[in-house]
Amino acid sequence: MSVRVRVDQEKCQGHNRCYSIAPDLFELDDLGMSSAAGSGEVPAPLEAAAWRAEANCPEHAVVVSGG
């Protein structure tokens, strides 16, 4: 089962911890708000980083599913 990541835009406050932890998995817009890069699918070598990004989001906006 593949792992996917997404960012709940209602909760994101632009702390960018997810991007700092896993820049290959997240993108920032012009206002510094995060979103999942591409389709949100997480390559196997980056799964641990995805889970760390979720654990470090102070707003609980990062959601990892699968795995």
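The values are calculated or read from the model by the stated rules, or taken from the named source; none is laboratory data. In this text, all values refer to a predicted model and were calculated from it rather than measured experimentally. Because the Cβ atoms are built from the backbone with ideal geometry, glycine has one as well, and the counts that use them run over all protein chains shown. Note: areas computed on protein heavy atoms with side chains; ligands, DNA, RNA excluded. Shrake-Rupley method; radii C 1.70, N 1.55, O 1.52, S 1.80 Å.
Entry note, the chain: relative contact order of 48 percent, from Cα contacts under 8 Å with a spacing of 6+ residues.
Ranked by solvent-accessible area (1.4 Å probe, protein heavy atoms only, all chains present), the residues Asp30, Asp8, Asp24 order from largest to smallest as Asp30, Asp24, Asp8.
Per atom type, the chain shows carbon and sulfur on 48% of its accessible surface, probed at 1.4 Å. Candidate values [x] 40, 27, 16; [y] 30, 26, 16; [z] 32, 20, 18 were compared with Cα extents along the principal axes in Å computed on the shown model; the agreeing label is [z].
If you take every residue apart from Ala37 with its C-beta less than 9 Å away from the C-beta of Ala37, what net charge results, scoring Lys and Arg +1 and Asp and Glu -1? Here the charged neighbours net out to -2.
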